[in-house]
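Peer 1: This is the structure, below, for whatever I ask next.
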Amino acid sequence: MKKKIKSTLSREKLVPDLSREKISSTLSKENLSSVLTKIPMKQKIFAALSTIPFIALGSMSTSCATTCPYGMVNDPYPGQCPRYMDVGGDGFCDFSQTTPTTTTDTSTTDPSTSDTTTSTDDTTTSTTTDQGQGNGANAEVTPDQSTDTNTTTLPDDPGSDYGSLNGEGTNYYVLPVTLIIIGGYLFTYYLFKKGILKRNKHKRIWNLLLTVGYLGTGITGVILTFMVNLGIRTALNQSITFWHVEMAILMVVGTFIHLHINWKPFKNIFRVLFGFKFNSRRDPTKAKGTSK
Amino acid sequence: MVYDMILPAIPFIGGYLLTYSLYRLKLIRKAVHINIWNLIIGLAFLISAGAGFVLLLIMEFNVKLPISPELLYWHVELGITLALVTVFHFHTYWKSAKTMLVAAKRRRSEA
C-alpha cells in the first residue's frame, strides 16, 4: 500500500525528488555567489546596518564607580550625579569621600553578643551591625544624624525617581540609543532612496527629532544650572540629569544627521567665510537622488 | 560652583544684533551673516558636546581627571551659548522651521 502511494505521488510530482546531489548542487558555491552578486551592494550594506538596533538592544550593560567622576569632595544628598550612594548614611556621597563613613552601633549594653541583622521591605532597607563593644562611640554623632545613624533609607520606589534606570540610577544608554537613532536614520534614508518617503518628509522627520533633542537638552540643562546655582537639591536632580544625557545623545547624533542632510550648506560655511574651494565635479551616477 | 548665565550670553546677543544690522544695512551679504552664525553654532556644539561626551566617558569608565570640574564648568557655559545660538539659528531659518512645524499643505489651505 505504502509503495503504491509513493509511486503515485512521485508520478504526479507532488513530492519533489530531494536527492542529496540535487540539494548540494542547488546550494553549491557558484549558485550562492551568483545569487549574492545579484543583490546590489548598497542593499547589502543597508541590510547589514539595519541589524544595528538589535545589536544595540543586546549591548545594554552596567558599570560601577569607586570615586567621584566629577572630582567632588563631600557631595551632599541627593548628589551631583545619578551615581549617588550613601551606604554609611552620613548624608554625603560615598564616592566623594576619601574614606566613606560606615556606621556601626557600638552602644549596646550586652558585650557578649554579636549579631548582624538585615531587613528589607518595599520601601526601606536597613542594615544594622551590632558588635557589642559598648565603648560609647555614638557620643560623637552630630545632632542631625543622631536619630538613627544605623539606618540607610533609600528613596521610595527608586525606579520612579530615576526615570527608566531600572532602579539603579547609574546607567546611561549611550551606545544603544546612538545605534537605534542611526538605525532609524538609515531606515528612513533607505525609504527615501527607494522613493517611498518624500525628501521633504525625510528632512522634516529628522529636523523634528533634532528640535526635540535640542529642546530636551536645553530645558533640562537650564533647570540643572538653576538648581546648582540656587542650591536646590531634590530627588528629581538625578532623573533630570539622566534625561539631559539621553536627550543630548539624540541632539548630538541628530546634529551629525542634520549635517549629512544639509551637507552643501555646511560646505558653504567654509567656502563663503574662508574661500575654500571644493571639487564640484561629481560622479553623475552618484548625483542621482541624493538628499544633500 | 556657580555658573554665569547672563555674562556669556551678552557678547553673542550683541554679535548677532551687529551682523544682523550690517546685513539689513546691506553692508555684508546675507550669506556671510548666516555662515558666521552657522560656524559659531558649530563651534559651540563641538566644544559643549565634546566636553559633555568626555564627562560622560569619565563617569562611565570611572576615570578621575584633575580637569573634570573645569570641563564641567565649560560644558555648562558653552551649553548656555549653544542654547542661545540655537534660537538665532531658528530665527535665520524661520521659513524652514515653520515648514517643519506646520505641514506645507496645511499652511496653503489656511492661506
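Peer 1: Being surrounded by fewer than 17 Cβ atoms within 10 Å (Cβ to Cβ) and of a type in the set (A, V, I, L, M) is the filter; apply it to the stretch A:244-273 and report the residue that is farthest from the other protein chains (Cβ to nearest Cβ).
Peer 2: Among them, the one singled out is A:L259.
Peer 1: List every residue pair whose Cβ atoms lie under 8 Å apart, where the two residues are 6 or more positions apart in sequence or sit on different chains, the first residue falls within the stretch A:227-242 and is within 13 Å of another protein chain (Cβ to nearest Cβ), and the second residue, located anywhere, is among the β-branched types (V, I, T) and surrounded by 15 or more Cβ atoms within 10 Å (Cβ to Cβ).
Peer 2: That search, which allows pairs on different chains as well, returns A:M227/A:I240; A:T241/A:T220.
Peer 1: Over 20 Å from B:T81 (Cβ atoms) and modelled with pLDDT of 90 or more: is that true of A:I196 in this structure?
Peer 2: Here the answer is yes, as A:I196 does meet what is asked.
Peer 1: Quick one: count up the residues across the stretch B:68-85 that are charged (D, E, K, R) and within 14 Å of B:I10 (Cα to Cα).
Peer 2: Result for the stretch B:68-85: 1.
Peer 1: Confirm whether A:T178 is closer than 25 Å to B:N62 by Cα, modelled with pLDDT of 50 or more and β-branched (V, I, T). Lay out the reasoning, then the answer.
Peer 2: Numbers: closer than 25 Å to B:N62 by Cα: yes; modelled with pLDDT of 50 or more: yes; β-branched (V, I, T): yes.
Taking the combined requirement at face value, the residue satisfies it.
The values are calculated or read from the model by the stated rules, or taken from the named source; none is laboratory data. Quantities reported herein were computed from a predicted structural model and do not represent experimental measurements. In this analysis, Cβ positions are derived from the backbone assuming ideal geometry, glycine residues included, and neighbour counts consider all displayed protein chains.
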